Amino acid sequence: MKVVVVDDDNLVCLALKTILEAEENISVVGIGHNGKEAIELYNSLNPDILLMDIRMELMSGIDAGEAILNKDKNAKILFLTTFSDDEYIVKALRMGAKGYIIKQNFECIVPALKAVFMGQSVFGDDIVSKIPSLINGSETTDFSKYGITEKELEIITAVAEGLSNREIANKLYLSEGTVRNSLSTILSKLDLRDRTQLAIFYYKNK
């Protein structure tokens with residue numbers, strides 16, 4: 001797993017490099033200190049994951065993340081920050097970041113990277129608990145106008161509740177393959193990237 005680390009504190013970068021490269025299958029291929037360097041490093045090194053701070057001089061991690069994802073929607077960005085700021089959380093979620101974890105939780109960094117590498121989205125418990133209140137809209141949405149069927153809405157609701165494909169299959173008496181295919185169809189209909197954005201869409205519009 002190739003990782004680029006970007007943080008405005010060089011000591012933090014070096015500490016992260018030491019922690020990550022203690023793992024057999026993780027290699028830190030580049031280190032940067034602001035958002036502009038993050039973009040340059042991502043474009044030149046094509047890492048599997050970009051592990052990036054948010055508040056940095058010249059360009060923030062949020063702005064850099066948006067620029068990268070606008071160019072490469074499959075980019076895997078994991079934000080690591082000391083700030084559990086509501087505005088940052090919402091922006092990170094909506095842009096399609098794969099994770100947002102707090103720096104103090106150093107023991108979570110390696111497991112989070114591995115999860116993101118496997119295609120999962122990772123948000124700390126303190127972040128997840130905030131999501132519904134942060135993005136829940138006041139108006140309800142008619143999901144059928146997006147071509148969403150009743151069964152698909154049930155699947156969307158289950159995803160928003162944090163259920164895995166297997167748990168959704170058991171709850172709705174479907175096969176895992178059907179759930180997986182339905183999720184692909186739903187994401188295509190709504191023009192969303194992944195389960196996290198789907199959950200956000202649901203809470204924002206329910």
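For the reader, a short list of remarks on this structure follows.
- Residue count for region 2-18, restricted to those that are within 22 Å of the chain's Cα centre (by Cα) and either surrounded by 16 or more Cβ atoms within 10 Å (Cβ to Cβ) or closer than 18 Å to Glu57 by Cα (or both): 10.
- Count - residues of region 10-28 that are touching a residue at least 24 places away in the same chain (Cβ under 8 Å) and more than 13 Å from Leu113 (Cβ to Cβ): 1
- Pairs, first of a type in the set (S, T, N, Q) in region 140-162, second surrounded by 15 or more Cβ atoms within 10 Å (Cβ to Cβ) and in a helix (DSSP H, G or I), C-beta under 8 Å, six or more apart: Thr140/Asn205; Thr141/Asn205; Thr157/Tyr202
- The condition of being outside the structural domain of Thr196 (by TED's automatic domain parsing) and in a strand (DSSP E or B) does not hold for Ile39.
- The set of residues from region 35-67 being crowded, with 19+ Cβ neighbours inside 10 Å and polar (S, T, N, Q) comprises just one member, Ser60.
- Per-region count, region 42-74, residues part of a loop (DSSP other than H, G, I, E, B) and over 18 Å from Ser121 (Cα atoms): 7
- Residue identified as at pLDDT below 80, surrounded by 15 or more Cβ atoms within 10 Å (Cβ to Cβ) and assigned to a helix (DSSP H, G or I) among Ile127, Ile168: Ile127
The values are calculated or read from the model by the stated rules, or taken from the named source; none is laboratory data. Bear in mind the structure is a predicted one, so any value in this text is a computation, not a measurement. Because the Cβ atoms are built from the backbone with ideal geometry, glycine has one as well, and the counts that use them run over all protein chains shown.
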